[in-house]
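Read through the structure below, which is laid out as structure tokens, and then see the notes.
The values are calculated or read from the model by the stated rules, or taken from the named source; none is laboratory data. Keep in mind that what you see is a predicted model, and the values were worked out from it rather than measured. Cβ placement follows ideal geometry from the backbone for every residue including glycine, while neighbour counts extend to all protein chains displayed.
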Amino acid sequence: MSKVRPEDRPFLLRTLELARESVEKGSSPIGCVIVDGQGNIIAEGRNRAHESWPNQPHEIADSSFAHAEMVAFYRLGRVKNPEECTLYSSLEPCLMCGGAIGMIQLARVVWACDDPWGGSGRLIKWDMHPAYEKTEVVPCPFEDLEQEAAKLFAPEAKKAYPEEGWKAWVERYPETAELAEKP
Ligand SMILES: [Zn+2]
């Protein structure tokens, strides 16, 4: 049985919209939404690492930890019925965000494109870790959205990753290499 659901597509499209918004604001191109068991978006987040610190409670920015997923988690506060919730991200979550997803035992995590350098998959073996085994992992379910998400993140991978990381990125998404070369 396929793990992919029809509703996955519009939610991933929303994460791409949020990722584009982050670029406009000078942050990294990553977006995320958390959806409850009834299919309602209960929190949205986008990377806000390079934006000014907000005055509102439950808002984070201007921080190395202001990843899209963490921004959404802070906004959400206590997660009700995590076993019914799905987190969608435009990019494979990093160790910090992947760890948070596993620790609160969300039902599912779905991402548009892989992150061969910074992604949690390099270190978390989701199906082997006892804390994470309740979370279903659905990487890159739609090829067109995967390409779109990879194109969106490529310039950031080129800028932020060490040479080895960029090499890993280009090996995974060779068609995005040229795109990131552009000034
Ligand atoms: Zn992260």
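When you scan region 95-103, do you find a residue that is within 14 Å of the ligand (Cβ to nearest atom), within 23 Å of K167 (Cα to Cα) and assigned to a strand (DSSP E or B), even just one?
No.
Looking at V71, V79, which one is hydrophobic (A, V, I, L, M, F, W, C), under 20 Å from S120 (Cβ atoms) and at pLDDT below 95?
So the residue among V71, V79 that is hydrophobic (A, V, I, L, M, F, W, C), under 20 Å from S120 (Cβ atoms) and at pLDDT below 95 is V79.
State whether the residues of region 36-57 include one that is out of contact with any Ser or Thr (no Cβ under 9 Å at 6 or more places or on another chain) and among the acidic types (D, E).
So far as region 36-57 goes, no, none of its residues is out of contact with any Ser or Thr (no Cβ under 9 Å at 6 or more places or on another chain) and among the acidic types (D, E).
For R122, indicate whether it is surrounded by 13 or more Cβ atoms within 10 Å (Cβ to Cβ), among the charged types (D, E, K, R), more than 11 Å from the ligand (Cβ to nearest atom) and modelled with pLDDT of 90 or more.
Considered against the rule, which asks whether it is surrounded by 13 or more Cβ atoms within 10 Å (Cβ to Cβ), among the charged types (D, E, K, R), more than 11 Å from the ligand (Cβ to nearest atom) and modelled with pLDDT of 90 or more, R122 comes out as no.
Taking the conditions exactly as written (within 21 Å of R48 (Cβ to Cβ), within 15 Å of the ligand (Cβ to nearest atom), not in a strand (DSSP E or B) and not acidic (D, E)), does A112 satisfy them or not? Walk me through how you get there before you give the answer.
On the way: within 21 Å of R48 (Cβ to Cβ): yes; within 15 Å of the ligand (Cβ to nearest atom): yes; not in a strand (DSSP E or B): no; not acidic (D, E): yes.
Taking the combined requirement at face value, the residue does not satisfy it.
Is region 53-73 home to any residue that is in contact (Cβ under 8 Å) with a residue 60 or more places away in the chain, under 24 Å from E146 (Cα atoms) and outside any loop (DSSP other than H, G, I, E, B)?
no
Looking only at region 3-12, decide whether some residue is more than 21 Å from E136 (Cα to Cα) and of a type in the set (D, E, K, R).
Checking region 3-12: not a single residue is more than 21 Å from E136 (Cα to Cα) and of a type in the set (D, E, K, R).
From the set of residues in region 69-81 that are within 16 Å of the ligand (Cβ to nearest atom) and of a type outside the set (K, R), which is nearest to P139 (Cα to Cα)?
The selected residue is E69.
Does E84 satisfy being more than 16 Å from the ligand (Cβ to nearest atom), on the phi < 0 side of the Ramachandran plot and in contact with a Gly (Cβ under 8 Å, 6 or more places away or on another chain)?
yes
Could you please let me know if V138 is in a loop (DSSP other than H, G, I, E, B), more than 22 Å from K25 (Cβ to Cβ) and more than 16 Å from the ligand (Cβ to nearest atom)?
When the stated conditions are applied, V138 does not pass them.
Of the residues that make up region 72-89, is at least one farther than 20 Å from G37 by Cα and buried (at least 17 other Cβ atoms within 10 Å of the Cβ)? Reasoning before the result, please.
Initially, region 72-89 is screened for residues farther than 20 Å from G37 by Cα, giving none.
No: region 72-89 contains no residue that is farther than 20 Å from G37 by Cα and buried (at least 17 other Cβ atoms within 10 Å of the Cβ).
Of the conditions (1) more than 18 Å from G31 (Cβ to Cβ); (2) outside any helix (DSSP H, G or I); (3) within 16 Å of the ligand (Cβ to nearest atom), A49 fails just one. Which one is it?
All conditions are met except number (1).
(1) crowded, with 18+ Cβ neighbours inside 10 Å; (2) hydrophobic (A, V, I, L, M, F, W, C); (3) at pLDDT 90 or above: which one isn't true of M96, the others all being true?
Exception for M96: condition (1).
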